[in-house]
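Beneath this line is the structure, given in structure tokens, with notes to follow.
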Amino acid sequence: GRCRLLCKPSALAQHLVRSLGRSAALRGGHWPWPRWPRLQMLWQLLQPPELEPVVARELLQLPDAGLVALDWLVGPWGAAGGGSVGGPSLVLLLIPNAAGKVTGGLLQLGLRALERGFIPVIFNRRGHNGCPLTTPRLQPFGDPGDLREAVTYLRCRHPATPLLAVSEGSGSGLLLAYLGESGSSSRLAAAACISPVFCGRDWFEAGMPWLYEWPLLLHLKRGLSRYAGSLAEAVDVEGLLGSCSLRELEESLFCRTKSHPTTWETYWERNEPLRDADEAAVPVLCLCSADDPVRGPPARSLPLELFRSSPYFFLLLTPHGGHCGFPRRGPGRCWGHEAVLEYFRAMAEFLRAEERRKGVPRPR
């Protein structure tokens, strides 16, 4: 349709143009309300998955005795079984938004991936989505330490299976920071970001539509209130729970701490998603809408020069779609999910062709 792929010319870029150009997900069948991005955003936040997923939770203990939760989607199985992606199964790590809200859209993406033979697993940060908080510490916006531990564990559990990652909304800040900080040691074969937030500080300072900010703020406060006693030794809990914006809550949690207070400027020097973007060495597809009311106007919120200069970053830009919405009629209600899964299929096809061309032996 009217989607554009902005990237640096390369053999991989040409392959993606051909693959995505053939994809039915990018041609027609879109929602009849293309110019109402806020309604699309509300629809995305509130929609339940078409099928209730079956989840198996696994708690992973971190070096400082903290816990993160890995939720494996194990059902229901779709009619496609386990071979649609071609070749061996692929592990797909799903990263929710920064508030830890596992939306119906993210679950739907996991179920679509399961139907196509992927092995989907959701990464839940400390204290998010029912994961116990065993230390008075939560994960800053762009600190990839806990995600690195989870990726290391997944590689140990599935040593011969390619590992992919996809993030939703503000959760992309964590994935982008991980890719930049890890460089060629990320252990990922490819990644994708749906409606990513590229500039964390600007995003918090600009403010968001109340339709999006207040539900996430209440979701965070409800989760944090469960751990008010343990957090009291690290932060001002009364000020934390009295926050009136996501920025105030972020400052209360990570800047106004009792043991190591820091400034807002210093916090973002350590947590901007793209601070090490030049070091990224894994193909990343960023699916963005020009009318995204949460990320902000494209002119100030999209790092266009990064996509023009880096061979690893690909921007799939569509004129309409809202924030993580990309709706359409019929089954698979988000065409963005189909585009991301097609991207991963094309990446797997390209990497297999490169291995055959170079004669690289597959790991045992």
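The values are calculated or read from the model by the stated rules, or taken from the named source; none is laboratory data. Remember, predicted model here, so these are calculated numbers, not experimental data. Cβ atoms come from the backbone with ideal geometry, glycine included; neighbour counts cover every protein chain shown. Remember, those area values only see protein heavy atoms, side chains included, never the ligands or the DNA or RNA. Shrake-Rupley method; radii C 1.70, N 1.55, O 1.52, S 1.80 Å.
Per-residue answers, yes or no, for (1) among the aliphatic types (A, V, I, L, M); (2) under 25 Å from LEU92 (Cα atoms); (3) touching a strand residue (DSSP E or B) at 6+ places or on another chain (Cβ under 7 Å):
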site	(1), (2), (3)
GLU269	no, no, no
ALA281	yes, yes, no
SER310	no, yes, no
ARG328	no, yes, yes
HIS337	no, yes, no
LYS358	no, no, no
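Do we have any residue at all in region 302-312 that's open to solvent by less than 30 Å² (accessible area, probe 1.4 Å), modelled with pLDDT of 90 or more, farther than 20 Å from PRO120 by Cβ and among the aromatic types (Phe, Trp, Tyr)? Yes, some residue in region 302-312 is open to solvent by less than 30 Å² (accessible area, probe 1.4 Å), modelled with pLDDT of 90 or more, farther than 20 Å from PRO120 by Cβ and among the aromatic types (Phe, Trp, Tyr).
Scanning region 285-314 for residues that are farther than 26 Å from SER19 by Cβ and under 18 Å from the mean Cα position of the chain (by Cα) yields PRO293, VAL294, GLY296, SER301. Are any residues in region 159-192 buried (at least 24 other Cβ atoms within 10 Å of the Cβ) and in a helix (DSSP H, G or I), and if so, which ones? Scanning region 159-192 gives GLY169, SER170, GLY171, SER172, GLY173, LEU174, LEU175, LEU176, ALA177, TYR178, LEU179. In summary, LEU154 fulfils each of the numbered conditions (1) open to solvent by 10 Å² or more (accessible area, probe 1.4 Å); (2) in contact with a strand residue (DSSP E or B) (Cβ under 7 Å, 6 or more places away or on another chain); (3) modelled with pLDDT of 90 or more with the single exception of condition (1).
Among the residues of region 222-279, those that are assigned to a helix (DSSP H, G or I), surrounded by fewer than 17 Cβ atoms within 10 Å (Cβ to Cβ) and of a type in the set (Asp, Glu) comprise GLU238, GLU248, GLU265, GLU269, ASP278, GLU279.
Would you be able to say whether some residue in region 282-291 is of a type in the set (Gly, Ala, Ser), open to solvent by 10 Å² or more (accessible area, probe 1.4 Å) and in contact with a His (Cβ under 9 Å, 6 or more places away or on another chain)? Scanning region 282-291 turns up at least one residue that is of a type in the set (Gly, Ala, Ser), open to solvent by 10 Å² or more (accessible area, probe 1.4 Å) and in contact with a His (Cβ under 9 Å, 6 or more places away or on another chain). Take GLY127 and tell me if it is at positive phi, outside the structural domain of GLU233 (by the TED database) and under 12 Å from the mean Cα position of the chain (by Cα). No: the conditions fail for GLY127.
In region 267-284, the residues that are among the hydroxyl-bearing types (Ser, Thr, Tyr) form Cβ pairs under 9 Å with partners that are open to solvent by less than 60 Å² (accessible area, probe 1.4 Å), at six or more places apart or across chains, as follows: TYR267/PRO140; TYR267/PHE141; TYR267/GLU250; TYR267/GLU251; TYR267/PHE254; TYR267/CYS255. Just to check your reading of the model, which residue among PHE204, PHE198 is buried (at least 19 other Cβ atoms within 10 Å of the Cβ) and not in a helix (DSSP H, G or I)? The conditions single out PHE198.
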